[in-house]
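Asker: Take this structure first; my questions come after.
The values are calculated or read from the model by the stated rules, or taken from the named source; none is laboratory data. Quick caveat: nothing in here was measured; it's all calculated off a predicted structure. Heads up, the Cβs are rebuilt from the backbone with ideal geometry, glycines too, and the neighbour counts pull from every protein chain shown.
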Amino acid sequence: MVMNKQYKRIGILGGSFNPPHIAHVVNAEFVGKKLNLDKVFLMPSAISPHQDKKETIASHHREKMVNLAIENNDLLAIETYEIERGGKNYTYDTIQALKKKYSGAQIYFIIGGDMVEYLPTWYKIDELVQMVQFVGIHRIGYSLETHYNVQLIEVPSIDISSSKIRQYIDNDEPIRYLIDDKVLAYIQEHNLYQSESDLVNIDFEALKEIVKSQMSYKRFEHVLRVEQKAIELAKQYRVNVLACRLAALLHDLCKEWTMAQYEAVVNQFNLDKDLLNWGSEILHGIVAKYVVPEMFFEKKNDELNSLEQQIVDAIACHTVGSKQMSDVAKVLFVADYIEDGRSFDGVDTARELAKKSLTKAIQFKLEHTIQFLKEKQVPIYPVTEAVYQHWCLEK
Ligand code: GDP
Ligand code: FE
Ligand code: FE
């Protein structure tokens, strides 16, 4: 039987952890070490009292992210009492329950410096101050005054908050180093904190049916294998999985179209008529860039959102590459080349390279494509040559 360890001094750091970030763990670590605590529990709330319901994502995600954030720190642990109980929890009730669960332990209840002035408004605060030792996170450079017994612990002031992080994610701004790498990977894998408009409403099954209707079964199977490979690479390289999946599913949408269909798109969008001389090999990606938004995306003010833009750009350049490739474009370019059904000479080398570096795999694909085209003596599209020079000779 596993014995519940007898803790003497425990810290409780409540919060929505939506998502957990470095200030949470820095604070927990500082308080834990400075007060010589046996454990500091991060305790995600069921529903955050300070946020819109729709902004607080499912507690199982927050629980998982907290676990990832504290994974390699023995001082820190998670307390899931509030999310298991669900609903609104008064701190007073929670503390009563925790006092039973950790009987014999002195509880240090950690609150942010900005919360200290609101203590008088807390439910049963006079009882509460008898039950726990309040600890105020004191950011260096801020003053804190209260007539309650709050022990202040100085921590480095890190100007980051969960809401800021959510904004950064929504705006595609970098959050690496502001949150744990594993938490970041989890957020990307599950597409958390992206605006409603950003792809979450896509019905993949319906989309696959449409894709299937545009091509032979053999081609469709290739598309599904590219999707699988793209998911794999996206996870490995922490690229938006949903965006990579969509790019993969749609990349060869126009591969088996007739010349008349290509011509219609070239005319409709005033594309260079010279493209029509290059056959479906070169045309199918470029044409899909214009067809995909019409068929699958809802444009707002005639604009695609940034993820949609990355998807169509990735599709446009999936055959010949591009000097500037987004992460989504890189994933698609490599996934198309090494999907499990490919069996050309060198594919195993390409697969090995893709495990180490997307750039190396891209360079390999470009080199081998050029070589292959030269051997076959087929005309090389000028962009192919330029992209090859850029990726393989200039660096
Ligand atoms: P697929 O659509 O899944 O078959 O793969 P791709 O879109 O990557 O490639 C389509 C074909 O275009 C391949 O057979 C490539 O060898 C070929 N290709 C790539 N670059 C060029 C080029 O510059 N010129 C010509 N003629 N063909 C090319
Ligand atoms: Fe293709
Ligand atoms: Fe393909």
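Asker: Is it the case, given these coordinates, that V116 is among the β-branched types (V, I, T) and in a helix (DSSP H, G or I)?
Answerer: It is true that V116 is among the β-branched types (V, I, T) and in a helix (DSSP H, G or I).
Asker: Within region 305-312, does at least one residue satisfy the condition of being among the aliphatic types (A, V, I, L, M) and surrounded by fewer than 19 Cβ atoms within 10 Å (Cβ to Cβ)?
Answerer: So the first thing to find is which residues in region 305-312 are among the aliphatic types (A, V, I, L, M), and the list is 307, 311-312.
Filter again for surrounded by fewer than 19 Cβ atoms within 10 Å (Cβ to Cβ), leaving none.
No: zero hits.
Asker: When only residues in region 236-276 that are more than 18 Å from Q214 (Cα to Cα) and part of a loop (DSSP other than H, G, I, E, B) count, which is farthest from ligand 3 (Cβ to nearest atom)?
Answerer: N270
Asker: Given the condition away from ligand 2 (no atom under 14 Å from the Cβ), part of a loop (DSSP other than H, G, I, E, B) and either touching a strand residue (DSSP E or B) at 6+ places or on another chain (Cβ under 6 Å) or not hydroxyl-bearing (S, T, Y) (or both), answer yes or no: does some residue in region 307-321 qualify?
Answerer: Within region 307-321, not a single residue is away from ligand 2 (no atom under 14 Å from the Cβ), part of a loop (DSSP other than H, G, I, E, B) and either touching a strand residue (DSSP E or B) at 6+ places or on another chain (Cβ under 6 Å) or not hydroxyl-bearing (S, T, Y) (or both).
Asker: Among the residues of region 227-240, is there at least one that is of a type outside the set (F, W, Y) and over 18 Å from the mean Cα position of the chain (by Cα)?
Answerer: So the first thing to find is which residues in region 227-240 are of a type outside the set (F, W, Y), and the list is 227-236, 238-240.
Cutting the leftovers down to over 18 Å from the mean Cα position of the chain (by Cα) gives us none.
Checked against the condition, which is being of a type outside the set (F, W, Y) and over 18 Å from the mean Cα position of the chain (by Cα), region 227-240 yields no hits at all.
Asker: Additional query: Quick one: in region 339-386, of everything that is of a type in the set (D, E, K, R) and part of a loop (DSSP other than H, G, I, E, B), which residue is nearest to Q324 (Cα to Cα)?
Answerer: The selected residue is E339.
Asker: Within region 92-101, can one find any residue that is surrounded by fewer than 16 Cβ atoms within 10 Å (Cβ to Cβ), assigned to a loop (DSSP other than H, G, I, E, B) and at negative phi?
Answerer: No: region 92-101 contains no residue that is surrounded by fewer than 16 Cβ atoms within 10 Å (Cβ to Cβ), assigned to a loop (DSSP other than H, G, I, E, B) and at negative phi.
Asker: Still on this model: So if I check each of D302, D340, D327, which one is under 29 Å from the mean Cα position of the chain (by Cα) and more than 29 Å from Q194 (Cα to Cα)?
Answerer: Answer to the check: D340.
Asker: Name, by its number, the condition in (1) within 10 Å of ligand 1 (Cβ to nearest atom); (2) surrounded by fewer than 16 Cβ atoms within 10 Å (Cβ to Cβ); (3) outside any helix (DSSP H, G or I); (4) not small (G, A, S) that does not hold for Q324.
Answerer: Among (1) within 10 Å of ligand 1 (Cβ to nearest atom); (2) surrounded by fewer than 16 Cβ atoms within 10 Å (Cβ to Cβ); (3) outside any helix (DSSP H, G or I); (4) not small (G, A, S), Q324 violates only (1).
Asker: Additional query: What number of residues in region 198-223 are in contact (Cβ under 8 Å) with a residue 12 or more places away in the chain and either within 15 Å of ligand 1 (Cβ to nearest atom) or of a type in the set (A, V, I, L, M, F, W, C) (or both)?
Answerer: 14
Asker: Does A264 count as more than 16 Å from ligand 1 (Cβ to nearest atom), under 24 Å from L304 (Cα atoms), without any contact (Cβ under 8 Å) to a residue 24 or more places away in the chain and surrounded by fewer than 16 Cβ atoms within 10 Å (Cβ to Cβ)?
Answerer: Yes.
Asker: How many of the residues in region 301-316 are touching a helix residue (DSSP H, G or I) at 6+ places or on another chain (Cβ under 9 Å) and touching a residue at least 40 places away in the same chain (Cβ under 8 Å)?
Answerer: 6
Asker: Among the residues of region 106-145, count how many are within 26 Å of K8 (Cβ to Cβ) and of a type in the set (S, T, Y).
Answerer: The total comes to 1.
Asker: When only residues in region 159-183 that are modelled with pLDDT of 90 or more and of a type in the set (A, V, I, L, M, F, W, C) count, which is farthest from S326 (Cα to Cα)?
Answerer: I160
Asker: Only one of these is out of contact with any strand residue (DSSP E or B) (no Cβ under 7 Å at 6 or more places or on another chain), surrounded by 13 or more Cβ atoms within 10 Å (Cβ to Cβ) and closer than 28 Å to P379 by Cβ: K229, K289. Name it.
Answerer: Sole residue among the options that is out of contact with any strand residue (DSSP E or B) (no Cβ under 7 Å at 6 or more places or on another chain), surrounded by 13 or more Cβ atoms within 10 Å (Cβ to Cβ) and closer than 28 Å to P379 by Cβ: K289.
Asker: A follow-up question, please. What number of residues within region 110-150 satisfy the criterion of being touching a helix residue (DSSP H, G or I) at 6+ places or on another chain (Cβ under 7 Å) and surrounded by 14 or more Cβ atoms within 10 Å (Cβ to Cβ)?
Answerer: 17
Asker: Just checking, how many residues over region 225-251 are of a type in the set (A, V, I, L, M) and more than 14 Å from ligand 2 (Cβ to nearest atom)?
Answerer: Taking region 225-251 as the starting set, the residues that turn out to be of a type in the set (A, V, I, L, M) are 226, 230-231, 233-234, 239, 241-243, 246-250.
Adding the requirement that they be more than 14 Å from ligand 2 (Cβ to nearest atom) leaves 231, 233-234, 239, 241-243, 246.
Total satisfying the criteria: 8.
Asker: If you don't mind, there's one more thing I want to ask. Have a look at Y193, Y186 and point out the one that is part of a helix (DSSP H, G or I), modelled with pLDDT under 95 and away from ligand 2 (no atom under 16 Å from the Cβ).
Answerer: Testing whether each residue is part of a helix (DSSP H, G or I), modelled with pLDDT under 95 and away from ligand 2 (no atom under 16 Å from the Cβ) leaves just Y186.
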